[in-house]
Amino acid sequence: MSKIKLIDIAHGRSGDKGDAANVGIIAYNDDGYEIIKKHLTVENVKKHFEGICLGEVERFEMPNIRALNFLLHNTLGGGGTVSLKHDAQGKTLAAALLRMEIEI
């Protein structure tokens, strides 16, 4: 087994949905999609964002574009217009998730 970072096999986008962050991870190819489907579980994403995501994590699969989309509830301190967090709109969260290391 070897370790890789998600950024080696995927790219991502993130933003806000009120107090929830929206994080999309898109694999570069079909093999990468199989890897992210296996390793990017709700539990692993929640653990990766421990201390940031204080609510539920939901996962949605989009196989037609080789992507997974996550909603991280209770993450943005109330949302962009009321939050005192530095990243009140969750723009950096995809980059943070792409730093996750996985064993393949």
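List every residue pair whose Cβ atoms lie under 7 Å apart, where the two residues are 6 or more positions apart in sequence or sit on different chains, the first residue falls within segment 43-71 and is more than 18 Å from Lys17 (Cβ to Cβ), and the second residue, located anywhere, is among the β-branched types (Val, Ile, Thr) and assigned to a strand (DSSP E or B).
Correct list of pairs: Ile65/Ile26; Arg66/Ile26.
Mind checking which strands (runs of 3 or more DSSP E) fall wholly inside the chain and carry at least 3 residues that are surrounded by 13 or more Cβ atoms within 10 Å (Cβ to Cβ), modelled with pLDDT of 90 or more and in contact with a helix residue (DSSP H, G or I) (Cβ under 8 Å, 6 or more places away or on another chain)?
Answer list for the chain: 10-17, 20-27, 57-62, 67-72.
The values are calculated or read from the model by the stated rules, or taken from the named source; none is laboratory data. Only a predicted model underlies this, so the values are computations on that prediction, with no experimental measurement involved. With ideal geometry, Cβ positions are generated from the backbone for all residues, glycine too; neighbour counts draw on all protein chains shown.
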